[in-house]
Amino acid sequence: MNTLSPQVSHGALAAPSDWLRQLADTAIAAVHPDTLLPDRLPEPPRGRTLVVGAGKAAAAMAAALERSWQAHQPEAPLDGLVVTRYGHGPQEQGPQGQGPQGPQSECRRIEVLEASHPMPDDLSEQAARRMLEAVQDLGEDDLVIALVSGGGSSLMTLPAPGVSLAEKQAINKALLRSGAPIREINTVRRHLSAIKGGRLAAAAHPARVLTWLISDVPGDEASLIASGPTLPDASRPAEALAILERHGIEVSDGVRQCLAGQSTPPRPDDAGFARDSSEILARARDALAAGQAAAEHDGIEVRLLGDDLEGEARALGRAQGRMALSAQDGLERPLLILSGGETSVTVEGDGRGGRNVEYLLGLFTALKGAPGIHAVAVDTDGIDGSEDNAGAHCSPEDWGRAQAAGLDPDDYLSRNDAYTFFEALDDLIVTGPTRTNVNDFRAILVLPRTS
């Protein structure tokens, strides 16, 4: 593979963990709304422009849209509301108006609400109701701009008729603990919702709906992102019921009746969607491409495994650990192994952790302190699962440190307690909310053997 620099970066050799963390920062910055939305504006309609949205990036998307709108068409009307996770709302400005991810400004035209993730709460339901009410009575001269990103499924929750919020919370919790892939989880969410699966757009018609998305789902199927509130759904309610039965999740008669076809979402061929359009602004492959470019600029060979990897987190970590060990044989210059996607965790213990630290602990058990192999795994939204860390990093010397401290990695894995393991080694990465979300960024730096 060609590189932009014939010399390997001194930072990658002298301080691999710091270099990997900086690489993750570069990847995340490439998919932040401040990078994506400037000067991206639709023509103002003859009528209103109403903004709605949900997700961990929703507030940053709304702020970036407002800045661009104010710069290019300040007299055109604009209003609306979006919902994001607690703590992911508008940022305080830093020196010279700079926030951690770039220039920030508080939304003045678009209201920003906050609600719970990954478990919806009463404010998630209130936000969804307000959004559905906001799009009522729009006409064909009006435009709805939907700002959608990962996390929106929980943050904008409105149960279908006959289903309670408590039932949706219980089903959501059971699915998350079951290890079900996100495609299955969001299929169930869409069919138990009064707003997802295109229902928000259907309520807005005959207004035109323009959807901008930041993708956090493997494969980047737009209708799966935040369970597709403005995009039609090709799946059937029976599919959702089959998913629940396959994972052994018991449901009430009301849920069964809902999934018996009484709440069929809009179909892709519904005439109301003819004028609508959607665009994915950023996805995992963009973050990985930024990481790859930075590594190649530093003279490091890159092996990209894909942006849509799924499966059990610890199993993927072990497999990639073995891959790194094999790749080190005969290696003449540093190699970076990159991957993205969304793994899952089947929760059997009572420990703390998310899929990225569980992946990294699986990789750690495979490497067993092999010299010259360093790794980082983070969730690009800054929150790994429901903890306060984005992920963690590990280095060869951590194996000896863990043994000296009496930390058995297999024991911690058996209890799904990877957070506590890496916390004890001071290897957690805590960034706070990044206000974007293209899911996991995993990087393994393999250095040539020295002897």
Inset, instruction - Send over the per residue convex hull volume for the chain, Cα only, as a whole number of Å³. - result: 144
Inset, instruction - Starting from the Cα gyration tensor of segment 187-294, take the square roots of the eigenvalues, sort them a ≥ b ≥ c, and report rounded, prolate or oblate (rounded when a/c is under 1.5, otherwise prolate if a/b is larger than b/c, else oblate). - result: oblate
Legend entry - Net +/- balance of residues flanking Asp388 in space, Cβ distance below 15 Å, scoring K and R +1, D and E -1: -4
Legend entry - Packing-based exposure ordering (other Cβ within 10 Å, fewest first) of Glu332, Glu397: Glu332, Glu397
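Could you list Ser164, Ser193, Ser178 so that the one with the fewest beta carbons within 10 Å of its beta carbon is first and the one with the most is last?
Ser164, Ser178, Ser193
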Inset, instruction - Could you tell me how many degrees, from 0 to 90 and to the nearest 10, lie between the Cα long axis of helix 237-246 and the main elongation axis, the longest principal axis, of the Cα atoms of the chain? - result: 40
Legend entry - For Asp276, distant residues with modelled amide H under 5 Å away: Val209
Legend entry - For segment 210-217, Karplus couplings with θ = phi - 60° (6.51, -1.76, 1.60), whole Hz, Gly/Pro x: 10, 10, 10, 10, 10, 8, 10, 10
Legend entry - Residue-by-residue Karplus 3J(HN,Hα) for segment 197-209, coefficients 6.51, -1.76, 1.60, Hz, glycine and proline x: x, x, 5, 5, 5, 4, 5, 7, 4, x, 4, 7, 10
Legend entry - Rounded to the nearest 20 debye, dipole of segment 36-282 from Cβ charges on Lys, Arg, Asp, Glu: 380
Inset, instruction - Sort out for me the Cα centre separation of segment 204-280 from segment 334-382, rounded to whole Å. - result: 31
Legend entry - Which of His247, Gln70, Ala194, positive extreme of dipole for segment 36-282 (C-beta unit charges): His247
Legend entry - Degrees between helix 355-367 axis and first principal axis of the chain (Cα, 0 to 90, nearest 10): 20
Legend entry - Degrees, to the nearest 10: 122-134 long Cα axis against longest axis of the chain: 50
Legend entry - Dipole magnitude of segment 382-451 about its Cα centre (Cβ charges: Lys, Arg +1; Asp, Glu -1), debye to nearest 20: 340
Inset, instruction - Using only Cα atoms, figure out Rg for segment 141-251 and give it as a multiple of 2.2 N^0.38 Å. - result: 1.05
Inset, instruction - List every residue whose amide H lies under 5 Å from the amide H of Gly219, counting only residues 5 or more places away in sequence or on a different chain, with H placed 1.01 Å from N in the peptide plane. - result: none
Inset, instruction - Run a plain Debye calculation on segment 36-282 (Cα atoms as equal point scatterers, no solvent) and give log10 I(q)/I(0) at q = 0.12, 0.13, 0.14 Å⁻¹, rounded to two decimals, same order as the q list. - result: -0.64, -0.75, -0.86
Inset, instruction - Compare the peptides 222-230, 72-80 by average per-residue count of other Cβ atoms within 10 angstrom and give them in order, highest first. - result: 222-230, 72-80
Legend entry - Within the chain: Cβ-based charge dipole about Cα centre, in debye rounded to nearest 20 (Lys, Arg +1; Asp, Glu -1): 480
Legend entry - Within the chain, helix-based [θ] at 222 nm, where runs of 4 or more DSSP H residues each add -39,500 (n - 2.57), nearest 500: -10500 deg cm²/dmol
Inset, instruction - Pull up all non-local amide H partners of Ala76: gap of 5 or more, or a different chain, and H-to-H distance under 5 Å with H placed in the peptide plane. - result: none
Legend entry - ³J(HN,Hα), Karplus 6.51/-1.76/1.60, whole Hz, each residue of segment 274-279, x for Gly, Pro: 4, 8, 6, 8, 8, 8
Legend entry - Exposure proxy ranking, count of Cβ atoms within 10 Å, fewest first, for Lys196, Lys173, Lys168: Lys173, Lys168, Lys196
Legend entry - Given charges at Cβ of Lys, Arg, Asp, Glu: segment 289-373 dipole, positive-most of Gly306, Ser339, Leu325: Leu325
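Where a number appears in this text, it was derived from the coordinates with a stated rule and is not lab data. Owing to the predicted nature of the structure, the values given are computational and were not obtained by experimental measurement. Because the Cβ atoms are built from the backbone with ideal geometry, glycine has one as well, and the counts that use them run over all protein chains shown.
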